[in-house]
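Engineer: Below you will find the structure I want to go over with you.
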Amino acid sequence: MEGCAVLDAIDAAIVRELQNDARLSNKDLAARVNVAPSTCLVRQRALRERGVITGYRAEVDLGALGRPLQAMIAVQVRPHTRVVVEAFLAYVLDQPETIMATHVAGPDDFIVHVAVADATHLQRLLLDRYTTRKEVTQLHTNLVFEHHRRRTLVPTADVLS
């Protein structure tokens, strides 16, 4: 697969363990993947340099942050040109409610995941900040009742073998 990083069993184990708990100490991680701590540190650094590991994040309870209501907003923009797409994406990512924005193929151009305080906040976001943009031609909003995420992704070679 073009652009796909090839991981050996140890690198794959390191990635898997860090996806489950990015706060593992190097010593604990090394023990879990059965390598010396120095080897583990070198491999983690190499995984970051190769772009396999792109960062570490804390997962938070959105309700505890005052944003218990989540929505997925499907947005169509016109004209669908690089300049318009890049400008809209930059705008959406600058909004404090945005969790994630995905540029997609199909009838919609973007799926934007947002977290807001309540339905009124969501309505204000849509009416005051999305529909006022001249490139936005259509919106569809779906409320999120539950959000489930698979924590660990395995390398493609493991799935295909």
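Engineer: Within region 100-111, which residues are surrounded by 14 or more Cβ atoms within 10 Å (Cβ to Cβ) and either out of contact with any helix residue (DSSP H, G or I) (no Cβ under 9 Å at 6 or more places or on another chain) or in a helix (DSSP H, G or I) (or both)?
Structural biologist: Result: Asp108, Ile111.
Engineer: Looking at this structure, is Val84 modelled with pLDDT of 95 or more, within 30 Å of Glu17 (Cβ to Cβ), open to solvent by less than 60 Å² (accessible area, probe 1.4 Å) and out of contact with any Phe, Trp or Tyr (no Cβ under 9 Å at 6 or more places or on another chain)? So that I can check it myself, show each step before the final result.
Structural biologist: Details: modelled with pLDDT of 95 or more: yes; within 30 Å of Glu17 (Cβ to Cβ): no; open to solvent by less than 60 Å² (accessible area, probe 1.4 Å): yes; out of contact with any Phe, Trp or Tyr (no Cβ under 9 Å at 6 or more places or on another chain): yes.
In short, no.
Engineer: Would a scan of region 137-152 turn up a residue that is over 30 Å from Asp8 (Cβ atoms), under 20 Å from the mean Cα position of the chain (by Cα), β-branched (Val, Ile, Thr) and assigned to a helix (DSSP H, G or I)?
Structural biologist: no
Engineer: Next up: Spot the failing condition for Ala12; the list is (1) touching a Pro at 6+ places or on another chain (Cβ under 6 Å); (2) modelled with pLDDT of 95 or more, and only one is missed.
Structural biologist: (2)
Engineer: Here's another thing I want to ask about it. Return a yes/no flag: does region 87-96 have any residue that is closer than 25 Å to Gln19 by Cβ and part of a helix (DSSP H, G or I).
Structural biologist: Residues of region 87-96 that are closer than 25 Å to Gln19 by Cβ, as a first pass: 93.
Next, only the ones that are part of a helix (DSSP H, G or I) stay: 93.
Checked region 87-96: at least one residue is closer than 25 Å to Gln19 by Cβ and part of a helix (DSSP H, G or I).
Engineer: Right, here's the next one. Mind listing just one residue for me: the one in region 112-148 that is out of contact with any Gly (no Cβ under 9 Å at 6 or more places or on another chain), open to solvent by 30 Å² or more (accessible area, probe 1.4 Å) and among the aliphatic types (A, V, I, L, M) and, of those, nearest to Ala87 (Cα to Cα)?
Structural biologist: Leu139
Engineer: Can you tell me which condition Arg78 does not meet? The list is (1) closer than 22 Å to Asn142 by Cα; (2) basic (Lys, Arg); (3) crowded, with 17+ Cβ neighbours inside 10 Å, and all the others hold.
Structural biologist: Of everything listed in (1) closer than 22 Å to Asn142 by Cα; (2) basic (Lys, Arg); (3) crowded, with 17+ Cβ neighbours inside 10 Å, Arg78 misses just condition (3).
Engineer: Name, by its number, the condition in (1) touching a helix residue (DSSP H, G or I) at 6+ places or on another chain (Cβ under 6 Å); (2) among the aliphatic types (A, V, I, L, M); (3) surrounded by 16 or more Cβ atoms within 10 Å (Cβ to Cβ) that does not hold for Ile73.
Structural biologist: The failed condition is (1).
Engineer: Next question. I need every pair where a residue in region 94-114 that is free of Cβ contacts under 8 Å to residues at least 60 places away in the same chain has its Cβ under 8 Å from the Cβ of a residue that is among the charged types (D, E, K, R) and open to solvent by less than 50 Å² (accessible area, probe 1.4 Å), sequence separation at least 6 or different chains.
Structural biologist: His103/Asp109; Val114/Glu97
Engineer: Looking at region 140-158, I want the residues that are among the acidic types (Asp, Glu) and have a partner that is modelled with pLDDT of 75 or more and surrounded by 10 or more Cβ atoms within 10 Å (Cβ to Cβ) with Cβ atoms under 9 Å, at least 6 apart or on another chain. Which pairs are those?
Structural biologist: Pairs that qualify, where the first residue is among the acidic types (Asp, Glu) and the partner is modelled with pLDDT of 75 or more and surrounded by 10 or more Cβ atoms within 10 Å (Cβ to Cβ), are Asp158/Leu7; Asp158/Ala12.
The values are calculated or read from the model by the stated rules, or taken from the named source; none is laboratory data. Source: prediction; values computed, not measured. So basically every Cβ, Gly included, is an ideal-geometry build from the backbone, and we count neighbours across all protein chains shown. We work out accessible area using only protein heavy atoms, side chains counted, and drop any ligands, DNA or RNA first. Shrake-Rupley method; radii C 1.70, N 1.55, O 1.52, S 1.80 Å.
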